[in-house]
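Trainee: Dumping the structure here so I can ask a few things about it.
The values are calculated or read from the model by the stated rules, or taken from the named source; none is laboratory data. For clarity, every value in this text was computed on a predicted model and none was experimentally measured. Don't worry about glycine lacking a Cβ; one is built from the backbone with ideal geometry, like all the others, and counts go over all protein chains shown.
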Amino acid sequence: MRNLYKTALVAVVAVLGFRMAATADAVTATEVTPAVNKAGVFYYSLNDLFVNSLSAQIRSEAQAQELELAEYDAENDLLRQLSQVRNFLTVYRGQALMVNPVDAQNGEAVLRAARKANVPVIFFNRRPSQGALDTYNKAWYVGSNPELSGLYQAQILTDYLENNINWDKNGNGKLDYLLIKGERNHADTQGRSAAFREGMRAAGYELNALDVAYADFSYARAVRYLQNYLAGHDIGEIEAVVCNNDAMALGIIDELQHRGYNEGDGSRYIPVVGIDATEKALNAVKDGSMVGTVYNNAPAVARTVVRLTSLLTRGEEVNVKSLGMPVSGRQVMVPYVKVTLANVGSLRR
Ligand code: BGC
């Protein structure tokens, strides 16, 4: 009985509390400061160097645009991300989701949860498949066109080869190279690798892949990979190393340097290309140990994701003027920039 009474009392207070809040809102609606915009931001893994730098940019952009964030790190665990999303949707009913999905290929489970809650979901950095995005008209994607970064890598490398005519060490007329890929199901892995190959062929170079390996965008995995590879192969056979991102390119360079390569002696040099333009990669381009990288514009991605979320949260129209970026079919592609020694000093970030 006592418990029942207590429960009833709590219920009455809750209802009253709600009414009071509602009345206060109604009375002062025109003069009070606007309600805070809140959104959940879900990262696949803050252990990923690029995603980590993206998260810092998103935080500062959200502060500047007065969007309050609830941040979550799934530590590369899909089930954890799903329960984070579900918890957020329960606590903050109706608020938008900004999602860097663990499931890089389709993000379907998150999409389903967002659709059920009828809230906008803005995917970024890891692009769900077109088919998945098409299933929900409040689903968006902000990222960059992976094909363009692969093509830029091909251009960086062909420029290098043209200026270093002795690149064909064994004289077989082909570029004997290693391709170090990111995560298997990531759109950037597939798009970058294919466009790189296509760009080289279009420029008239025949490729011979000595090996193709997945190192999951990770520095440590790339180091380990090269150690294993060189246990069975001669370093002198490698004419280039192409990596789907900078973390892996830096791992390759560290291991090469460990073996006396890429330290200034032109006869012991292997051109390595990356993507992202992280701080360390820019230094490597400056000191010549990396032949070039491609700027994956984290500040612009962050600005666009936050602005898009704010517009959707306020129910405003999304177009090139309101967003500051061209929009096509609920997708926004932030341009990449090619980075070599020629422009590394003047790169604006
Ligand atoms: C970046 C990688 C990163 C990946 C994470 C890519 O766009 O180039 O460095 O690991 O996104 O999803």
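Trainee: So for region 151-170 (the condition being modelled with pLDDT of 95 or more, under 20 Å from Ile252 (Cα atoms), within 15 Å of the ligand (Cβ to nearest atom) and not β-branched (Val, Ile, Thr)), does at least one residue qualify?
Mentor: So far as region 151-170 goes, yes, one or more of its residues are modelled with pLDDT of 95 or more, under 20 Å from Ile252 (Cα atoms), within 15 Å of the ligand (Cβ to nearest atom) and not β-branched (Val, Ile, Thr).
Trainee: Of the residues that sit in region 308-332 and are among the hydrophobic types (A, V, I, L, M, F, W, C) and part of a loop (DSSP other than H, G, I, E, B), which one is farthest from the chain's Cα centre (by Cα)? It would help to see each step written out before you state the result.
Mentor: Going residue by residue through region 308-332, those that are among the hydrophobic types (A, V, I, L, M, F, W, C) are 308, 311-312, 318, 320, 323, 325, 327, 332.
Those left that are additionally part of a loop (DSSP other than H, G, I, E, B): 318, 325, 327.
Details: Val318: 22, Met325: 18, Val327: 18 Å.
Here the residue is Val318.
Trainee: From the set of residues in region 27-52 that are over 22 Å from Pro120 (Cα atoms) and at pLDDT below 95, which is farthest from the ligand (Cβ to nearest atom)?
Mentor: Here the answer is Val27.
Trainee: Right, Pro120: in contact with a helix residue (DSSP H, G or I) (Cβ under 7 Å, 6 or more places away or on another chain), farther than 26 Å from Asn47 by Cα and either of a type outside the set (A, V, I, L, M, F, W, C) or away from the ligand (no atom under 12 Å from the Cβ) (or both) or not? Working first, answer last.
Mentor: Working: in contact with a helix residue (DSSP H, G or I) (Cβ under 7 Å, 6 or more places away or on another chain): yes; farther than 26 Å from Asn47 by Cα: yes; either of a type outside the set (A, V, I, L, M, F, W, C) or away from the ligand (no atom under 12 Å from the Cβ) (or both): yes.
So Pro120 fits the description; yes.
Trainee: Of (1) within 16 Å of the ligand (Cβ to nearest atom); (2) free of Cβ contacts under 8 Å to residues at least 40 places away in the same chain; (3) basic (Lys, Arg), Lys181 satisfies all except one. Which?
Mentor: In the conditions (1) within 16 Å of the ligand (Cβ to nearest atom); (2) free of Cβ contacts under 8 Å to residues at least 40 places away in the same chain; (3) basic (Lys, Arg), Lys181 misses (2) alone.
Trainee: Glu66 is checked against (1) out of contact with any Leu (no Cβ under 7 Å at 6 or more places or on another chain); (2) modelled with pLDDT of 95 or more; (3) closer than 26 Å to Arg115 by Cα; (4) among the acidic types (Asp, Glu) and fails just one. What number does that condition carry?
Mentor: Against the list (1) out of contact with any Leu (no Cβ under 7 Å at 6 or more places or on another chain); (2) modelled with pLDDT of 95 or more; (3) closer than 26 Å to Arg115 by Cα; (4) among the acidic types (Asp, Glu), Glu66 comes up short only on (2).
Trainee: Report yes if some residue within region 215-222 is more than 15 Å from Val241 (Cα to Cα) and more than 25 Å from the chain's Cα centre (by Cα); otherwise report no.
Mentor: no
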